[in-house]
Amino acid sequence: MNLVFATNNAHKLKEVRSILQGSLSDQVKILSLDDIDCEDELPETANSFEGNALQKAEYVSSKFGVPCFADDSGLEVEALHGAPGIYSARYAGTGNSADNTARLLQEMKDAGNRKARFRTVVASIIDGEQKTFEGVIHGTITAETRGAKGFGYDPVFIPEGETRTFAEMSPEEKNRISHRALAVRELLEYLKRLTQIKSL
């Protein structure tokens, strides 16, 4: 099965491929939007992670006629009443990760409560059937950026049970515990069941 990951984010594509293709390399090949010659800006106008993920998957599935999946992810901070949430990627208005992180740290500078969580919802459309999978990881926001790995808000997020930010971990370490990894592993289990059924 060729399965398209409907994202324009190269970091996400690399991360998800590393999680999925090791387990299903014989049965499933993860394609990018480039692989299907899709240069479109994907729609993302829903008011929830699930809505945005489904919107992107539906767009690619209907326009290109391919099995696909999409994700929507974001950071929810308690002291900011769940912000930046679905606006995480454009929180500073520029679409730049460093700007987004700088705005977050500025708004959190006097916050005593630094609890936060990362959420990912993955939506798949395969053979016309829609499925959604969610991953959540709780943690805290640092007072300053730490680490040079990862992307997005990784330099300011310390997951529960850790002393390092995501940006201080290797990709392999992050992929064992991250919100996206949790959601993608649920997708992986679904794909395993599908491929078993198809092989019967």
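The values are calculated or read from the model by the stated rules, or taken from the named source; none is laboratory data. Quick caveat: nothing in here was measured; it's all calculated off a predicted structure. As a convention, Cβ positions derive from the backbone with ideal geometry for all residues, glycine included, and neighbour counts pool all protein chains shown.
All told, Ile158 meets the bar of being under 28 Å from Leu80 (Cα atoms) and either out of contact with any Cys (no Cβ under 7 Å at 6 or more places or on another chain) or at pLDDT 95 or above (or both).
Residue selection: Thr94 fails the criterion of being in a loop (DSSP other than H, G, I, E, B) and touching a residue at least 40 places away in the same chain (Cβ under 8 Å). Among the residues making up the stretch 129-177, those that are in a loop (DSSP other than H, G, I, E, B), hydrophobic (A, V, I, L, M, F, W, C) and farther than 19 Å from Val77 by Cβ are Ala148, Met169.
Among the residues of the stretch 1-59, those identified as in a loop (DSSP other than H, G, I, E, B) and under 27 Å from Glu172 (Cβ atoms) are Met1, Ala6, Thr7, Asn8, Asn9, Ser25, Asp26, Gln27, Val28, Ser32, Leu33. Please find, within the stretch 61-80, the residue that is surrounded by the fewest Cβ atoms within 10 Å (Cβ to Cβ) out of those that are under 17 Å from the mean Cα position of the chain (by Cα) and without any contact (Cβ under 8 Å) to a residue 60 or more places away in the chain. Step by step, filter the stretch 61-80, then rank; the result is Glu76.
How about the stretch 97-128: which of its residues are aliphatic (A, V, I, L, M), surrounded by 13 or more Cβ atoms within 10 Å (Cβ to Cβ) and not in a strand (DSSP E or B)? Matches in the stretch 97-128: Ala102, Leu104, Leu105, Met108, Ala111.
Lys149 falls short on exactly one of the conditions (1) in contact with a helix residue (DSSP H, G or I) (Cβ under 7 Å, 6 or more places away or on another chain); (2) free of Cβ contacts under 8 Å to residues at least 24 places away in the same chain, and that condition is (2). Looking across the stretch 188-200, the residues that are more than 16 Å from Lys14 (Cα to Cα) and not basic (Lys, Arg) come down to Glu189, Tyr190, Leu191, Leu194, Thr195, Gln196, Ile197, Ser199, Leu200.
For every residue, the table says whether it meets (1) over 14 Å from the mean Cα position of the chain (by Cα); (2) modelled with pLDDT of 95 or more; (3) closer than 18 Å to Ala89 by Cβ.
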position: Ser18; (1), (2), (3): no, no, no
position: Asp40; (1), (2), (3): yes, no, yes
position: Glu50; (1), (2), (3): no, yes, yes
position: Lys56; (1), (2), (3): no, yes, yes
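A residue that is surrounded by fewer than 21 Cβ atoms within 10 Å (Cβ to Cβ) and in contact with a helix residue (DSSP H, G or I) (Cβ under 6 Å, 6 or more places away or on another chain) can be found somewhere in the stretch 87-96. Does at least one position in the stretch 67-85 carry a residue that is polar (S, T, N, Q), closer than 24 Å to Gly139 by Cβ and not in a loop (DSSP other than H, G, I, E, B)? The answer is yes; a qualifying residue exists.
Residues Leu191, Leu182: which one is crowded, with 16+ Cβ neighbours inside 10 Å, touching a Gly at 6+ places or on another chain (Cβ under 6 Å) and assigned to a helix (DSSP H, G or I)?
Leu182
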